[in-house]
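I have placed the structure first, in the form of structure tokens, so that the comments after it can refer back to it.
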Amino acid sequence: MLDFLKTPVLSIQDYIVLSWRTFKGLFTSPHYFRDTLLQMDTIGVGSLPIVVLTGFFSGIVLALQMSRALQTYGAVNQTGPIVAITLVRELGPVLTALVVAGRNAAGIASELGSMKVTEQIDAMRALGTDPVLKLVKPRVLATSFMQPCLTAIADFVGLVGAYIIAFFLLRLTTSEFWNGAYRILEYNDVVQGLLKPLVFGIVISSVGCFYGLRTTGGTQGVGRATTQAVVVASVWIFVLNAFITKTFVSL
Amino acid sequence: MPELVLRFDHVTVAFDGDPAIEDVSFEIRHGESLVILGAAGSGKTVILKTALGLLRPDSGSVWLFGQDITRMPEKQLFEIRARCGILFQESALFDSFTIEENVAYPLENQTTVRCPPEQVRPRVEEALRFVELENTLGKFPSQLSGGMRRRVGIARANVTEPDLVLYDSPTAGLDPITANNIMALIVKERDVRRATTIIVTQRFQDGRIMAKYRYDPASKELELAGTNGQPAVHGLKFLVMKDGRVVFEGTEKELGESADPYISKFVMRD
């Protein structure tokens, strides 16, 4: 009767097993530093252009929309603080994570998926390497390290975008904007703004690896794994974001 | 009696309840060769993967080099796998690595091989020279033809000079000339290194080359075994698989004489 639950429950179980093995792998040699650096370059530096663009234009629209609302209260000079809070707490982490999920969860899933269907994962095991240590660990480490960095950059670039609007269109002074933006941010905001991307980074990479490694059914299977990885990672980003926000709001 | 290298004891492997191989038993000793014949989907590849512990049996037990690997943890398996070489069906070369890095991979990663770094390059070159591809070191697998990739796969499987070498459909999808060249290389590896060899194939001709030819180091060519002073091939067994079950086990002669209609389809009689 409950057969329909079997597949999702088994998937969750497999995901937990993979996560646990990756976690244990953090303390197990070999460490493959070169692979980790390579992934940091591909995932982190490679995502930089799109993350910068996303951050910049989000900052611009935020400033435009907020200023319009603030105008009704005659508080346009509060644009800086409002944009800063929204970006650092929510939009920066979530938008960056979604962009990185679209780019890298897909990239990881399709790369590992292709390796799986061409027996390269089996070859790796047969030739003496554990795919969890060689493939999963470097990707999870690289993404969870780079994600906070990317988010910080996106936040900053977003503020620059907002500043351009504030300065040229809203006629705010430079110090008005930046002082307001800087003063409003508390320790809590920054911690939350960096904890979120750390968690999202782990989710993006581990979900990408999970779907990649369980790919079956040839090239069609690779496509399916890629789509699933992006969808599942994105959904988890929203769900976990709600949980983390709730925790920090209650603090 | 030579050391027992691999033993399958009533092994069944199933996927989602569907058995891919069922109640398979056989054994192979040091220096012997085994040819597993069977149509596509008869479970040949599953046998090879189970032999290395890449797949786990649902029932029965697998013994590799005297150790029961049926439920052995992956970490321990790496030590045993280091004594084995395998050529996968589509070669399974790492396509982000160069040919040199591919062949060097087992030397650098097999836990018990521990090849000193300065010896990696010469050994890779030697292995590639063996398969006559020494000029491809810096190329990527995608730049090579199917037959060449298969040869690199053979070099990678043998570079650590393993005691047991497994070949999964080495001639599948190749033209007859290339297929025979590949088989010649496999016979050469077998006779030069005296490695225990298991080959899985759909082509009866592959088995026949294994049974009838020997590599002659003097002429550097294959010669008919049992003539020109070449010893006959000993210790070669055939296994025929049908729908996951072993339907025949015996020598080439017994295979040729079998009256079973399914087996006859595989066997080309002179």
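The values are calculated or read from the model by the stated rules, or taken from the named source; none is laboratory data. Just so you know, these numbers come straight off a predicted model, no measurement behind them. Quick reminder, even Gly has a Cβ in these numbers, built from the backbone with ideal geometry, and neighbours come from all protein chains shown.
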Can you spot a residue in region B:22-41 that is assigned to a helix (DSSP H, G or I) and either under 22 Å from B:Val165 (Cβ atoms) or β-branched (Val, Ile, Thr) (or both)?
-> no
Does B:Lys265 satisfy the criteria of being touching a residue at least 40 places away in the same chain (Cβ under 8 Å) and either farther than 23 Å from B:Ile21 by Cα or not in a strand (DSSP E or B) (or both)?
-> no
All conditions in (1) within 14 Å of another protein chain (Cβ to nearest Cβ); (2) crowded, with 21+ Cβ neighbours inside 10 Å are true of A:Val140 except (1)
Write out, first by first residue and then by second, each pair whose Cβ atoms fall under 7 Å of each other, whose residues are 6+ apart or on separate chains, and whose first residue, in region B:103-118, is more than 10 Å from chain A (Cβ to nearest Cβ) while the second is assigned to a loop (DSSP other than H, G, I, E, B).
-> B:Val103/B:Val159
Among A:Leu53, A:Leu98, A:Leu91, A:Leu48, which is crowded, with 18+ Cβ neighbours inside 10 Å, within 21 Å of A:Gly201 (Cα to Cα), within 23 Å of the chain's Cα centre (by Cα) and modelled with pLDDT of 95 or more?
-> A:Leu98
B:Ile186: passes all of (1) more than 17 Å from B:Arg123 (Cα to Cα); (2) crowded, with 24+ Cβ neighbours inside 10 Å; (3) touching a Leu at 6+ places or on another chain (Cβ under 8 Å) but (3)
Name the residues in region A:227-251 that are out of contact with any Gly (no Cβ under 8 Å at 6 or more places or on another chain) and aliphatic (A, V, I, L, M), would you?
-> A:Val231, A:Val232, A:Val235, A:Ile237, A:Val239, A:Leu240, A:Ala242, A:Ile244, A:Val249, A:Leu251
Any chance you could count how many residues in region A:190-245 are over 11 Å from the mean Cα position of the chain (by Cα), within 21 Å of A:Val17 (Cα to Cα) and polar (S, T, N, Q)?
-> 5
Residues being touching a strand residue (DSSP E or B) at 6+ places or on another chain (Cβ under 7 Å), of a type outside the set (Asp, Glu) and not in a loop (DSSP other than H, G, I, E, B) - total across region B:153-175 | 8
Looking at A:Thr79, A:Thr86, A:Thr42, A:Thr96, which is the one that is among the β-branched types (Val, Ile, Thr), within 14 Å of chain B (Cβ to nearest Cβ) and either within 29 Å of A:Leu195 (Cα to Cα) or out of contact with any helix residue (DSSP H, G or I) (no Cβ under 6 Å at 6 or more places or on another chain) (or both)?
-> A:Thr42
Would you be able to say whether some residue in region B:152-169 is out of contact with any Lys or Arg (no Cβ under 9 Å at 6 or more places or on another chain), at pLDDT 90 or above and surrounded by fewer than 19 Cβ atoms within 10 Å (Cβ to Cβ)?
-> no
Unmet requirement for B:Thr178, which otherwise passes all of (1) under 15 Å from B:Ser33 (Cα atoms); (2) assigned to a helix (DSSP H, G or I); (3) among the polar types (S, T, N, Q) | (1)
Residue selected from region A:125-137 under the condition touching a Pro at 6+ places or on another chain (Cβ under 7 Å) and at the interface with chain B (Cβ under 7 Å from one of its Cβ atoms), by the criterion modelled with the lowest pLDDT = A:Gly128
Return the residue satisfying two criteria in turn: it lies in region B:5-42 and is of a type in the set (Gly, Ala, Ser) and farther than 21 Å from B:Gln205 by Cβ, and of such residues it is surrounded by the most Cβ atoms within 10 Å (Cβ to Cβ).
-> B:Ala20
Is there a residue in region B:119-142 that is more than 10 Å from every other protein chain (Cβ to nearest Cβ), buried (at least 18 other Cβ atoms within 10 Å of the Cβ) and out of contact with any helix residue (DSSP H, G or I) (no Cβ under 9 Å at 6 or more places or on another chain)?
-> no
For A:Phe177, are the conditions met, namely being over 18 Å from A:Asn104 (Cβ atoms) and more than 14 Å from chain B (Cβ to nearest Cβ)?
-> yes
Which residue pairs have Cβ atoms closer than 8 Å, lie 6 or more positions apart in sequence or on different chains, and pair a first residue in region B:72-97 that is more than 7 Å from every other protein chain (Cβ to nearest Cβ) and more than 19 Å from A:Lys116 (Cα to Cα) with a second residue that is outside any helix (DSSP H, G or I) and among the charged types (D, E, K, R)?
-> B:Lys75/A:Asp130; B:Arg83/B:Asp163; B:Cys84/B:Asp163
Being surrounded by fewer than 24 Cβ atoms within 10 Å (Cβ to Cβ) and touching a residue at least 40 places away in the same chain (Cβ under 8 Å) is the filter here, so list the residues in region A:101-122 that pass it.
-> A:Gly102, A:Arg103, A:Ala106, A:Gly107, A:Ser110, A:Glu111, A:Ser114, A:Lys116, A:Val117, A:Ile121
Among (1) modelled with pLDDT of 90 or more; (2) farther than 17 Å from B:Asp168 by Cβ, where does B:Tyr215 come up short?
-> (1)
If you check B:Asp191 against the conditions, is it more than 14 Å from every other protein chain (Cβ to nearest Cβ) and among the charged types (D, E, K, R)?
-> yes
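To keep it simple, each residue is scored yes or no on (1) touching a Leu at 6+ places or on another chain (Cβ under 8 Å); (2) farther than 28 Å from A:Met146 by Cβ.
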{"residue": "A:Gln39", "(1), (2)": "yes, no"}
{"residue": "A:Gly44", "(1), (2)": "yes, no"}
{"residue": "A:Pro49", "(1), (2)": "no, no"}
{"residue": "A:Val52", "(1), (2)": "no, no"}
{"residue": "A:Ser58", "(1), (2)": "yes, no"}
{"residue": "A:Gln71", "(1), (2)": "no, yes"}
{"residue": "A:Leu87", "(1), (2)": "yes, no"}
